[in-house]
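The values are calculated or read from the model by the stated rules, or taken from the named source; none is laboratory data. Here the structure is a predicted model, which is why all the values come from computation and not from measurement. Neighbour counts run over all protein chains shown; Cβ positions are idealised from the backbone, glycine included.
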Amino acid sequence: MSTDGPTTGTTAETVGTTTGEAEDGALAPLVDDAGRARRWRLLLGDAADGCAPRLAGADAAVDAALAALYDVPDASAGTRGRRSAGLGGSAPRVARWLGDIRTYFPSSVVQVMQRDAVERLDLTRLLLEPELLGAVQPDVNLVGTLLSLSRVLPERTKETARQVVAEVVRQIEARVADRTTSAVTGALDRAARTHRPRLPDVDWNATIRANLTHYLPEHRTVVPERLVGHGRRQQVVAKEVVLEIDQSGSMAESVVYASVFGAVLAKMRTLKTTLIAFDTEVVDLTDSLTDPVDVLFGVQLGGGTDINRAIAYGQERITRPADTLFFLISDLFEGGVRDEMVKRMAAMKSAGVQVIVLLALSDSGAPAFDRENAAALAALGIPAFACTPDAFPDLLALAMTGGDVGAWAQREIAAAGEPHR
């Protein structure tokens, strides 16, 4: 993230708009010249000294919170330069600063500033301190950082870290669980649709649509020649879902979301869900799906990547190829045998498995990925694209009903204004 990015975002929240609508409908300023000067002072920091008023009270506290992160001496000029990193290194001071920014800025800005502090000021080591973790506002990026440190967390910090991860998992579940369950249940019901339903199972809306040509105007009714309905629900596994997650460091956000989705799907009796994490080793986390926090602490972010080896393991778990959805969640940077990886994916598709590659499952925009491998898979008819967590339930439903996933992905990409993959 650029130096100017977080500062601008923070200032936008702090400063707000500068014009409004007067009673006569004309645009009128909401702040006077002094107000604008104050806001420019907050935006520019000490660089504005001499051309903007000095700050006092709450404004001074806000400026101090920004300065702690974004003000450093400009070595080339010998003076303080633009806002770009100056927070000290002690855990107590950082904890106080974290409390300050939560007081003065909205949640979205706090998350940006926390991420900047960890990435740019090398505060990773301070996340080992429980008093610091207790002051941090939990978000998916922090969880990724904690997971990368999970093997070195001291015992006195592990419980605090687990609470942070559990809070983020709870937030994600609240965001996606109901919609995912509804989408999957609806898709399975549609797949079981029958034209000889029992009366309680008739889908009247679908029946009317299917028989509109038999509308009798004089009676103002439709005479159905065929009924459309749902088959009786059976408490048997209708689909198998295999989620294979690349746990290289760049996939941290995707790991968090995929683990939560895996736990949600595992609760559905009509699905058999398998969750596999991999780098150069393969870890089957299926038995931990009852608790997504356990799943996440079973992940070891970082290291190399052997996609081919992971796919080979996943193939062995598939018992009903024609009823299986196989999601490979990876940026496709392969450290193993690339040609074998492509051949295995082709073999699964030929066997009837619906294979989908998610280059990212996150809200972070277009990801970096191996374009050569993505093109090789596309040539096999295997779509490879990034997907947001909010769109994933729709993707699941479409895949379970045999829809055109590639066309759906292109529509999503076009709607988001992202480059064509």
Give the residue that is modelled with the lowest pLDDT, with candidates limited to residues of region 153-178 that are over 15 Å from the mean Cα position of the chain (by Cα) and among the basic types (Lys, Arg). Arg156
May I ask you to list pairs of residues, at least six apart or on different chains, whose Cβ atoms are under 9 Å apart, with the first in region 164-188 being over 23 Å from Thr324 (Cβ atoms) and the second being of a type in the set (S, T, N, Q) and crowded, with 21+ Cβ neighbours inside 10 Å? Val169/Ser259
Tell me yes or no: at least one residue of region 334-352 is within 21 Å of Ala376 (Cβ to Cβ), in a loop (DSSP other than H, G, I, E, B), out of contact with any Pro (no Cβ under 8 Å at 6 or more places or on another chain) and of a type in the set (D, E, K, R). yes
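Residues are listed down the side, and each one gets a yes or a no for (1) modelled with pLDDT of 90 or more; (2) part of a helix (DSSP H, G or I); (3) surrounded by fewer than 16 Cβ atoms within 10 Å (Cβ to Cβ); (4) among the acidic types (Asp, Glu):
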residue	(1), (2), (3), (4)
Ala117	no, yes, no, no
Pro138	no, no, no, no
Gly144	no, yes, no, no
Arg151	no, no, yes, no
Thr181	yes, yes, yes, no
Quick one: would you say Arg411 is out of contact with any strand residue (DSSP E or B) (no Cβ under 6 Å at 6 or more places or on another chain), under 25 Å from Phe333 (Cβ atoms) and not hydrophobic (A, V, I, L, M, F, W, C)? no
Test result for Val236, under 24 Å from Asp287 (Cβ atoms), within 33 Å of the chain's Cα centre (by Cα) and modelled with pLDDT of 90 or more: no
Enumeration of residues in region 129-146 that are in contact (Cβ under 8 Å) with a residue 24 or more places away in the chain and among the hydrophobic types (A, V, I, L, M, F, W, C): Leu132, Leu133, Ala135, Val136, Val140, Leu142, Val143
Scan Val357, Val299, Val295 and give me the residue that is touching a helix residue (DSSP H, G or I) at 6+ places or on another chain (Cβ under 7 Å), crowded, with 18+ Cβ neighbours inside 10 Å and over 29 Å from Val152 (Cα atoms). Val357
From the residues in region 314-332 that are buried (at least 16 other Cβ atoms within 10 Å of the Cβ) and without any contact (Cβ under 8 Å) to a residue 60 or more places away in the chain, which one is nearest to Thr388 (Cα to Cα)? Leu332
Any chance Ala322 is more than 15 Å from Gln247 (Cβ to Cβ), modelled with pLDDT under 95, among the hydrophobic types (A, V, I, L, M, F, W, C) and not in a helix (DSSP H, G or I): no
Does Ser250 meet the test of being modelled with pLDDT under 90 and under 23 Å from the mean Cα position of the chain (by Cα)? yes
